[in-house]
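First comes the structure, then the notes that go with it.
The values are calculated or read from the model by the stated rules, or taken from the named source; none is laboratory data. Predicted, not measured: the structure shown is a model, and the values here were computed from it. Cβ coordinates were reconstructed from backbone atoms using ideal geometry, including for glycine residues, and neighbour counts include every protein chain displayed.
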Amino acid sequence: MNKVLKNSWALFLGMGFLMMAYGFQGSLLGVRAVQEEFSLAATGFMMSGYFVGYFIGASTIPNLISRVGHIRVFAAFASLASLIILVHSIFINPYIWFILRVLTGISMVCIYTVAESWLNDRSSNKNRGSVLSIYMVILYGSMGTGMFFLNFSSPQSYQPFILVSIITSIALIPILLTKKKPPTFKKIKGMPLKELYITSPFGMVSSLFYGTIQSALFIISSICCFNEFYYFSNMTCNFSFGNFWSYFTVPHWKTF
């Protein structure tokens, strides 16, 4: 267990910075959309682009990793995510933002796939649950911290977008400088949704409901609390830290 964590510190650090930027970005775009007087439908449409891209990326990333490798894929899509947030500050339009959110979703699912396949390769069946739990604790803890940054910035200016881009770029440094070898899989292939459901019906259905509730929560909260950044950032921050706590405690539960 300790050996796995020691060999994966660069990945944990890079993902921590990346999720800090992602948490800040999600809060920033929701509040900025309301300030720009996007309609409720336009805001929901724009924010949903992330999940469209997430679905597209999930079906294409295995072949890409097989061709170019884990580190190159991580570097390419983290750089793309850093670039995309800057474009948000230039073109203030819900339809353009929708396309940018699609690209962000593709980038993030590629990054998640690289990170989690890396950890799966480094861990064994005995400690995989604990390792992935620590990984999720870092992800949600960092995302909650990033959401809190909204208290110290003005969403109407371009500075917060630059800060998100800087934090995303910093995430590349520990990953690209690590001496540890990335995972090597003989063959990478996706799993059809039908096969996934047969393998884990409860996991698939619960993930569907969780994703629906989580996405709606972030979109609605930004609209309801846009005049009070402090309350909005703290509410979403507490939501992330609630996830943080659940992932921290679940591995210690006993199965009867």
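Points to keep in mind about this one:
- Every listed requirement among (1) closer than 24 Å to ILE134 by Cα; (2) in contact (Cβ under 8 Å) with a residue 60 or more places away in the chain; (3) surrounded by 20 or more Cβ atoms within 10 Å (Cβ to Cβ) is met by ILE71 save one, (3).
- Flag for LEU132 being within 18 Å of the chain's Cα centre (by Cα), surrounded by fewer than 22 Cβ atoms within 10 Å (Cβ to Cβ), within 18 Å of GLY14 (Cβ to Cβ) and not hydroxyl-bearing (Ser, Thr, Tyr): yes
- Criterion violated by ALA10 - all others in (1) closer than 24 Å to ILE134 by Cα; (2) touching a Ser or Thr at 6+ places or on another chain (Cβ under 7 Å); (3) buried (at least 23 other Cβ atoms within 10 Å of the Cβ) satisfied: (3)
- Total residues in the stretch 101-131, condition in a loop (DSSP other than H, G, I, E, B) and hydroxyl-bearing (Ser, Thr, Tyr): 2
- Selection within the stretch 136-151 - hydroxyl-bearing (Ser, Thr, Tyr) and crowded, with 21+ Cβ neighbours inside 10 Å: TYR140, SER142
- A single entry from PHE24, PHE38 fulfils the requirement of being out of contact with any His (no Cβ under 8 Å at 6 or more places or on another chain), outside any helix (DSSP H, G or I) and modelled with pLDDT of 85 or more: PHE38.
- Taken over the stretch 86-100, the criterion of being touching a residue at least 24 places away in the same chain (Cβ under 8 Å), over 17 Å from VAL52 (Cα atoms) and either part of a helix (DSSP H, G or I) or among the small types (Gly, Ala, Ser) (or both) is satisfied by LEU86, HIS88, SER89.
- Among residues of the stretch 40-68, those that are of a type outside the set (A, V, I, L, M, F, W, C), more than 11 Å from CYS110 (Cβ to Cβ) and out of contact with any Lys or Arg (no Cβ under 9 Å at 6 or more places or on another chain), counted: 4
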